Amino acid sequence: MRTLCINLKTAQESSSAEAFLILSPRVQFRFPQFIFVDVESTSHFFGGEKGCLEKALHIAAKFSPDAAAAIADTPSAAQVFARWRPSYIAPAGKEQEGFRGLGLDALKDLEGLQPWAQKKPVEHMISFFHTLGVHGLEDVLNFRMNSLRERWGDFGVLLWNRLHSQDAQVISPLIPRDPLVGYGYLDDPIGAVPLLMARLRPHLDILFARLAGLSRYAQKVDVILYCEYSDKKYFLTIEPVSPTRDQVLYEDLLEKKLSQLTLENPVREFEISVFDVPEKIQQLDFFEPRDNTEDRWRRLISFARQADCEMGFLQMEASHFPEQSFRLVTDWPEDFKASDVIERQEDALQIKSVYAKGLSASPRPSLLLPQPQPLSAAEVQKLRFVSSLPSERIESSWWQISVQELRNRDYYFALSQHGQLLWVFKDRINSQVYLHGYFD
Amino acid sequence: MKTLALPEFADIPFVSAEHLQPPAGLATGVSVLDDFLLWKGIPQGDLSLFQGIPGTGATSLWVRIVQNVHAQNKWAAWINGDAQLFPAHLTHHKLNLKKLLVVKEPRENEQLFWMLQELISSSLFEVIGCNLKELFLKNHQLQKLKRLCRLHKVALVFINQKPVKFINPLFSFMVSFQRDFVTIQRALHRPTPFNIAGSMIHANFMHQFKDSARKLLS
């Protein structure tokens, strides 16, 4: 077994191991700061053990800036190297070669998945070896198992086994169970957005590293800010237009939202909850550029949505009433073609005619008013109608006739006194003339 | 033998007129207009102002520009004013609705300014149209937008429904749409005002209504 040990240097939660699931499904956390990963069968995905080590250090940097890692045959030796020889990769089957030059203090780290029950026997052992004139770890290798057993019993046997790669420690597959939440308590309460963001960012780093390890996307992120003195809480929800793992986008959206907030008191505590969804799997073409524009417009739409500004693409709808014939959608609009459906069954041909398909070819103004605007009699008087007969009649079914909804319209082209070409209609129920659009 | 009137200029590598490249522009598709303008269209990376009450043809010119932009498989954006862009009209003009981002009328002026900055700095769009009831943006805001446009090479077109006579030098290109003709009020390095017939831009049938041969209007 080839084991990668990551020493995060600062105490972490066991959920931090989830971030390293990218490297292998066999990952184990050992309190307070060690992550052990079985990379025997997965290191080739990263271009070998060196690539795997670099990737692990890259992930570990999100948890601790001075994290260290090493690879050896056994977890205990890997831990020793992570502590005393950072970034060392022990040759397979010859990890004892790496003990050369190490002092006896390294014995304290010869733990692996199971730490020493007590440090005192190890310290006693080290002082005893010193009295014998043994000062290097490689010299301890020369002692026989029986010698250590006679002196220290089972503890001596365990130490000998660990030194000679005989202590079998198996790393089990990690089953993630912890919720994606972060919590922070600020010793000095903060009211300024940049400072608050600086405190939130490390938590977001960890949460998004875990998301990446779990191969999940964040649908939304909830942030609760607890104020000092008053029990005021601020609930912020960041929800981009589509689930994503783009941490920068979430940070930008959060910063934007925070800057709009007026805090009653400085913030003392905060909670971050990430709501995750399965990752979308997209098979990209080999020649397709990876930096596509889709992410940029998703980012743009997410920003606009957060600012309560609606934007999107025009999606045409199957309605003959102009104001109902389109809407704004945030996904790609689908092609809309009103045409007859021709079905062939052997020698038979069936044509299913689509109602009002000719509407798509009729003249339509470039600008449409969201609501038809009633014109006064004086205004109508000033209009010059192009024809006395309507260019088009649009009406609903007879059982839906209602004056309020303006569902019986005779459309005309008209010129205003200022030379504007207008699209107006006369309601057939109440004879009122409405302005509905401009041929601008 | 070719001799120079001023021999001291002999070493200066003069560039002939045909080697000069005009500044980048987006073609309008109206040949009279494109031939007249320095940019061979509206200026890219700069501000343009189309002025005219609704129904006089400003949106038609913008649609023609977007036609050319879409023909190059590039994107455009539009910010609605009180009236919204009608997709049935756009599909008649072969516009690709998948390449046109539409923004609903922002509620506040500040929001519009912010939105414009976001749209420009996204670097997604070749041309952005903004329909306004009135041009309320301050000069410093226009300056900021102009700088962003230059940086991201975006043509920003304001369509102002309430024409103003004052010619703002921040706009490199200003056009006024009137009943029968279109006046170019400002265009860099070109003699202005310059008039062209409205029929070249506007919906063709409008002028047919008034043509004596087939007069439809009273």
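The values are calculated or read from the model by the stated rules, or taken from the named source; none is laboratory data. Just so you know, these numbers come straight off a predicted model, no measurement behind them. Cβ coordinates were reconstructed from backbone atoms using ideal geometry, including for glycine residues, and neighbour counts include every protein chain displayed.
Couple of notes before you dig in:
- Selection within region B:30-47: residues that are of a type outside the set (Lys, Arg) and touching a helix residue (DSSP H, G or I) at 6+ places or on another chain (Cβ under 7 Å). The member of this set that is surrounded by the most Cβ atoms within 10 Å (Cβ to Cβ) is B:Ile42.
- Residue match in region B:97-105 (condition: under 22 Å from B:Val69 (Cβ atoms), free of Cβ contacts under 8 Å to residues at least 12 places away in the same chain, surrounded by 19 or more Cβ atoms within 10 Å (Cβ to Cβ) and within 10 Å of chain A (Cβ to nearest Cβ)): yes
- Region B:125-160 - residue that is over 28 Å from A:Leu369 (Cβ atoms), in a loop (DSSP other than H, G, I, E, B) and under 18 Å from the mean Cα position of the chain (by Cα) and, of those, nearest to the other protein chains (Cβ to nearest Cβ): B:Val154
- Applying a threshold of 9 Å to beta carbon distances and a minimum spacing of six or more residues, or different chains, the list of pairs starting in region B:83-94 at a residue that is touching a residue at least 40 places away in the same chain (Cβ under 8 Å) and more than 7 Å from every other protein chain (Cβ to nearest Cβ) and ending at one that is surrounded by fewer than 22 Cβ atoms within 10 Å (Cβ to Cβ) and part of a loop (DSSP other than H, G, I, E, B) is empty.
- Test: residue in region A:356-371 that is in contact with a Gly (Cβ under 6 Å, 6 or more places away or on another chain) and assigned to a loop (DSSP other than H, G, I, E, B): yes
- A Cβ distance below 9 Å, combined with a sequence gap of six or more or placement on separate chains, defines the contacts here; from region A:363-383, residues that are facing chain B (nearest Cβ under 7 Å) reach residues that are loosely packed, with under 14 Cβ neighbours inside 10 Å in the pairs A:Ser366/B:His93.
- Among the residues of region A:336-349, not a single one is within 27 Å of B:Asn109 (Cβ to Cβ) and not assigned by TED's automatic domain parsing to the domain that holds A:Asp246.
- Test: residue in region B:108-120 that is in a loop (DSSP other than H, G, I, E, B) and either among the aromatic types (Phe, Trp, Tyr) or over 17 Å from A:Ala304 (Cα atoms) (or both): no
- Some residue of region B:185-199 being assigned to a helix (DSSP H, G or I) and either touching a His at 6+ places or on another chain (Cβ under 8 Å) or within 30 Å of B:Leu97 (Cα to Cα) (or both): yes
- Region A:407-434 residues that are within 14 Å of chain B (Cβ to nearest Cβ) and over 22 Å from A:Ser366 (Cα atoms), paired with ones that are of a type in the set (A, V, I, L, M, F, W, C) and surrounded by 20 or more Cβ atoms within 10 Å (Cβ to Cβ) (beta carbon under 8 Å, 6 or more apart): none
- So A:Ser325, is it outside the structural domain of A:Arg409 (by TED's automatic domain parsing), at pLDDT 85 or above and touching an Asp or Glu at 6+ places or on another chain (Cβ under 6 Å): yes
- Top-ranked residue of region A:168-188 - restricted to ones that are of a type in the set (Val, Ile, Thr) and assigned to a loop (DSSP other than H, G, I, E, B), ranked as farthest from A:Leu214 (Cα to Cα): A:Val170
- Looking across region A:1-21, the residues that are farther than 25 Å from A:Pro91 by Cβ and within 26 Å of the chain's Cα centre (by Cα) come down to A:Leu8, A:Thr10, A:Ala11, A:Gln12, A:Glu13, A:Ser14, A:Ser15, A:Ser16, A:Ala17, A:Glu18, A:Ala19, A:Leu21.
- Considering region A:1-76, the qualifying strands (runs of 3 or more DSSP E), each wholly inside and each with 3 or more residues that are closer than 17 Å to A:Val170 by Cα, run over A:3-7, A:27-30, A:34-38.
- Test for B:Gly57: is it out of contact with any Leu (no Cβ under 6 Å at 6 or more places or on another chain), facing another protein chain (nearest Cβ under 7 Å) and at positive phi: yes
- Annotation note: Cβ proximity below 6 Å between a residue of region A:323-344 that is more than 8 Å from every other protein chain (Cβ to nearest Cβ) and a residue that is in a strand (DSSP E or B) and β-branched (Val, Ile, Thr) (sequence gap 6+ or interchain) occurs for A:Asp340/A:Ile351; A:Ile342/A:Ile351.
- Subset of region A:104-145 that is within 23 Å of A:Pro32 (Cα to Cα) and among the polar types (S, T, N, Q) - its residue that is modelled with the lowest pLDDT: A:Gln118
- Qualifying residue in region A:107-125 (condition: within 29 Å of the chain's Cα centre (by Cα), surrounded by 15 or more Cβ atoms within 10 Å (Cβ to Cβ) and within 20 Å of A:His164 (Cα to Cα)): no
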